[in-house]
1. Between Ile185 and Glu253, what is the spin-label point distance in nm, taking each point 7 Å from the Cα along the Cα→C-beta axis?
2. Toward the positive end of the charge dipole of the range 7-100, about the Cα centre and with charges on Cβ (Lys, Arg +1; Asp, Glu -1), which of Pro62, Ser100, Asn37 goes farthest?
3. How about the range 148-191: which trypsin sites (Lys or Arg not before Pro) there lie in a loop by DSSP and see at most 15 other Cβ atoms within 10 Å?
4. Only four residue types carry charge here, +1 at the Cβ of Lys and Arg and -1 at the Cβ of Asp and Glu. Report the dipole size of the range 111-209 about the Cα centre in Debye, rounded to the nearest 20.
5. Amide H neighbours of Glu355 under 5 Å, counting only residues 5+ apart in sequence or on other chains, H built in-plane at 1.01 Å?
6. Apply the Debye scattering formula to the range 184-325, with a single equal point scatterer on each alpha-carbon and no solvent, then give log10 I(q)/I(0) at q = 0.13, 0.18 Å⁻¹.
7. Treating the angle as unsigned and between 0 and 90°, give the value, to the nearest 10°, between the Cα long axis of helix 365-375 and the longest Cα principal axis of the chain.
8. Given labels modelled 7 Å from the Cα in the Cβ direction, how far is it in nm from Asp302 to Asn13?
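Values quoted throughout were computed directly from the atomic coordinates according to the rules given, and no laboratory measurement underlies them. Source: prediction; values computed, not measured. Don't worry about glycine lacking a Cβ; one is built from the backbone with ideal geometry, like all the others, and counts go over all protein chains shown.
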Amino acid sequence: MSHYPSISSLKKNGKSILVDWSDGEQSKFNFLWLRDNCPSEVHPTARERTFNLLTVTDDIHPKSYKVNDKGELEIEWSEGDHTSYYGNDWLRHNCYTLKSKKKYISPYFLWDQSMESNFEDIQIDYEEIISGDDGIKKWLEQLHYKGISIVKNAPIEKESGFDVIANISHHRETFFKTPFEVIDIPNPNNSAYTAAALRNHLDLPYYEIAPGYQFLHCLINNVTGGESVAVDGFKVASYMKENFTEFFETLLETPVKFVNRDYTSNAIRVMHKPLFSLDHNNDFNDIRFSVAYMGVMDCDPDQMDKFYEAYRKLIALLHDPIFEINFKLKAGDIFSFNNRRVLHGRKEYDANSGERHLQGYYIDRDEIIGRLNFLNKINP
Ligand code: OGA
Ligand code: ZN
């Protein structure tokens, strides 16, 4: 038995059918929308739409329509010798009238320095991950909602991170190779490959789409210094939006230039994008911030004063201790985070005091959300 309300009555209204539901709601369904979404015209295994909308005219309409004895909306179309059947559950689930009235609720839980006293909310044991879907789901939920998760007690063999992240999906390759080796080396092509402090940043901002998630797997870390820092960039964006609205808007509207001139690869990577972007719900989509890869700024000369005022404020907020959490990675930790939301940084360390070696992996955001959607059995 379907848990959706049943169809009580139907009537035509212009280019739509109005459905009255048993719970008193009313929905409007456009003829072309109905024809285009006929549930029979989906490939059974590819799950792709097979119908070609251009095979019918703008004037397509029901020749007849009714609620049939299965409780479905049954439409015989004026064109194409086709009858469509829409179950009440399908129709109600996909009802855009009711969906458009729903208020958007952000999935993101924004955090600040106080998260330091709730570390267990952003941690998961490796054993939980490998023991099945519930553990993987917990990991993905921390990643998607809070943007951060520290896996504890993972193996510490080189490249063992591959198997751990394979519980989610395939990795995203970059010219730094996979895994990328975060160690202190001569002639580094990235300042992470030194013992110097790293200001809070995200990786690869000079790509059109910077990697969605980053996984820093700690194999050994017994040096003096080298503590990690994380900041929820969406929290800072939301604070800025509320308290420094004009600065926020300036940054949202002003493309900046990111440049990478990697000396080991024959490429010069340049990307113009604003420091913040919003999604189709006006929620935060990404923050793109890395002082190290900021190119020389170009903009309308009349906008430069305004830009620098806002940009300085952003830098200050992104390094303000009220937003930072601090921790030191231990062998077997995998510091996993949304690379387009959570900024990461590192304190300087003494390379002569011991050994520090992290191996890094990236995964696209689509794979994190797609896998979580699958485990939650969502019906989009
Ligand atoms: C990096 C990075 C942080 C660290 O490799 O991108 O920022 O703790 N590393 O070494
Ligand atoms: Zn980094």
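1. Inter-label distance under the simple model: 4.4 nm.
2. Ser100
3. Of the trypsin sites (Lys or Arg not before Pro), the ones in loops of the range 148-191 whose Cβ has at most 15 other Cβ atoms within 10 Å are Lys158, Lys177.
4. Values: 8 positive and 18 negative charges, 68 e Å.
That gives a dipole near 320 debye.
5. Long-range HN contacts for Glu355: Asn222, Val223.
6. For the range 184-325, the Cα-only Debye profile gives -0.65, -1.18.
7. 50 degrees
8. Each label point lies 7 Å from its Cα, and together they span 4.8 nm.
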